[in-house]
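These notes concern the structure reproduced below.
The values are calculated or read from the model by the stated rules, or taken from the named source; none is laboratory data. Since we're looking at a predicted model, the values are computed, not measured. Neighbour counts run over all protein chains shown; Cβ positions are idealised from the backbone, glycine included. Only protein heavy atoms, including side chains, enter the accessible area calculation; ligands, DNA and RNA are left aside. Shrake-Rupley method; radii C 1.70, N 1.55, O 1.52, S 1.80 Å.
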Amino acid sequence: MSDKINSLNLCVCMALADHGLGKDETAEILRIAKEIKVDFNVHNASDEINEKFSGDIDVAQDFYLGNITKDDSKFQAKDFVKRVALSDGELKDKEVRFLVRMKQAWGYQYFD
């Protein structure tokens, strides 16, 4: 799986972190996929994450974080995930927790 696909799956995990895949979040993920020229179905990815990880977003997040190895891909993924988190106009506690877990997994150098 490419870094781009792993990044988009992380975005889906972020959207699911607050227990809902909202319209704003879905639209933002689709915008990101178009920007990076990847054909991506958000709802299929959501279903796959729920099946593969039994709905455990932490395990899914750890899996996709571990699959992104290039530094530039980590910076890009972090920016994408932030965009999804803020797409509905508010940053919820579970979304903040998601970002903190990213920072702990990858290191502080990837975050502003």
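Some notes on this structure:
- Ala60 meets each of the listed conditions (1) free of Cβ contacts under 8 Å to residues at least 60 places away in the same chain; (2) part of a helix (DSSP H, G or I); (3) small (Gly, Ala, Ser); (4) open to solvent by 20 Å² or more (accessible area, probe 1.4 Å) apart from (4).
- Just one of the numbered conditions (1) under 16 Å from Val12 (Cβ atoms); (2) assigned to a loop (DSSP other than H, G, I, E, B); (3) touching a residue at least 40 places away in the same chain (Cβ under 8 Å); (4) not β-branched (Val, Ile, Thr) is not true of Gly55: (3).
- All positions within segment 19-52 that are under 19 Å from Phe98 (Cβ atoms), part of a loop (DSSP other than H, G, I, E, B) and among the hydrophobic types (A, V, I, L, M, F, W, C): Leu21
- Residue identified as surrounded by fewer than 20 Cβ atoms within 10 Å (Cβ to Cβ) and at negative phi among His19, His43: His43
- Selection within segment 63-96 - assigned to a helix (DSSP H, G or I), closer than 15 Å to Ile29 by Cβ and among the hydroxyl-bearing types (Ser, Thr, Tyr): Tyr64
- Residue check, Ala33 modelled with pLDDT under 95, surrounded by 14 or more Cβ atoms within 10 Å (Cβ to Cβ) and not acidic (Asp, Glu): no
- The residues of segment 77-92 that are over 10 Å from the mean Cα position of the chain (by Cα), open to solvent by 70 Å² or more (accessible area, probe 1.4 Å) and closer than 16 Å to Val12 by Cβ amount to a single one, Leu86.
- Close pairs from segment 29-44: first in contact (Cβ under 8 Å) with a residue 24 or more places away in the chain and under 18 Å from Lys78 (Cβ atoms), partner in a loop (DSSP other than H, G, I, E, B) and not hydroxyl-bearing (Ser, Thr, Tyr), Cβ under 6 Å, at least 6 apart: Ala33/Phe40
- Residues of segment 1-18 that turn out to be in contact (Cβ under 8 Å) with a residue 40 or more places away in the chain and not in a helix (DSSP H, G or I), as a count: 2
- Checklist (1) at positive phi; (2) of a type outside the set (Gly, Ala, Ser); (3) crowded, with 20+ Cβ neighbours inside 10 Å applied to Glu95, failing item: (1)
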